[in-house]
Amino acid sequence: FKMSQNSLFAILLRSPWWISFVVAGLVGVGASVLAPDPYKLAGALGSLPLVGVGCVAAWRQLRAPSAAQADGALATAIAQPWREFEAALERAWQAGGTRVERLPGPGADLRLTQSGSVTLVNARRWKAATHGAEPLRQLAAAMQAEGAKDGVYVLAQGALSEGARLLARDHGIVVLQGAPLARLLLRAKPSGKGAAATRA
């Protein structure tokens, strides 16, 4: 089940956690004041899903990295050569229980498999200053060839051109950048070399 990005619950999950509790309180108070007596309890109980959403939002936001951590993760990504960045992405997705396979490109660099669902990732232009439509078009073609419903385009800096943005929208490609990319990278376990250096 995929939640609509414009649904009330999706909007509340993206909002500060306390907003869900305010909305739940308003629903509860409104039900107690406006609903007929036999339905007051049912109306008040209708606010419980909103309380649940608030708890989930609070849990996510408390675990979210600070702005300094996110900026540091993105700066590190921009400074890395491709092989190091690719390995960091691989470790990050594997930490979330996803099977990761490297692909030769040019359309896709990684194939992610989880619960039978396949997602293709194009990440090789992660630090380009501009992102035109061609790499998005290549990713869309690779998705069609592989029968993958989902695609991810990774960029650590720069912005998509208007044509690239429209192409991503039309083909259901998620553009992974900014804070979501930083959160993913911060999940990556250190490489063996880095871990050994830390222990030393």
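The values are calculated or read from the model by the stated rules, or taken from the named source; none is laboratory data. A quick note: this is a predicted structure, and the numbers were derived from the prediction, not measured. Neighbour counts are summed over all protein chains in view; Cβ atoms, including those assigned to glycine, are modelled from backbone coordinates with ideal geometry. Quick note on the areas: whole protein, heavy atoms, side chains included, nothing else; ligands and nucleic acids left out. Shrake-Rupley method; radii C 1.70, N 1.55, O 1.52, S 1.80 Å.
Which one of 113, 119 is outside any loop (DSSP other than H, G, I, E, B) and exposed (fewer than 15 other Cβ atoms within 10 Å of the Cβ)?
Unique residue meeting the criteria: 113.
In the range 3-29, what residues are at pLDDT 80 or above and among the aliphatic types (A, V, I, L, M)?
Matches in the range 3-29: 19, 22, 23, 24, 26, 27, 29.
Within the range 15-63, which residues are open to solvent by 80 Å² or more (accessible area, probe 1.4 Å) and either closer than 26 Å to residue 180 by Cβ or in contact with an Asp or Glu (Cβ under 8 Å, 6 or more places away or on another chain) (or both)? Don't jump to the end; show me each part of the working.
Within the range 15-63, the first condition is being open to solvent by 80 Å² or more (accessible area, probe 1.4 Å), and the residues that meet it are 17-18, 26, 29, 33-34, 37-39, 41, 45, 48, 59-60, 62-63.
Once the filter is applied, which keeps residues that are open to solvent by 80 Å² or more (accessible area, probe 1.4 Å) and either closer than 26 Å to residue 180 by Cβ or in contact with an Asp or Glu (Cβ under 8 Å, 6 or more places away or on another chain) (or both), the range 15-63 yields 17, 18, 59, 60, 62, 63.
Tell me, please, whether a residue that is without any contact (Cβ under 8 Å) to a residue 60 or more places away in the chain, within 17 Å of residue 179 (Cα to Cα) and touching a helix residue (DSSP H, G or I) at 6+ places or on another chain (Cβ under 9 Å) can be found in the range 106-126.
The answer is yes; a qualifying residue exists.
Cβ-Cβ below 8 Å, separation at least six or inter-chain, first residue in the range 135-146 and open to solvent by 90 Å² or more (accessible area, probe 1.4 Å), second assigned to a helix (DSSP H, G or I): which pairs?
137/167
Going by what's in this entry, would residue 170 be described as among the acidic types (Asp, Glu) and over 18 Å from residue 100 (Cβ atoms)?
Yes; evaluated as a whole, the condition is true for this residue.
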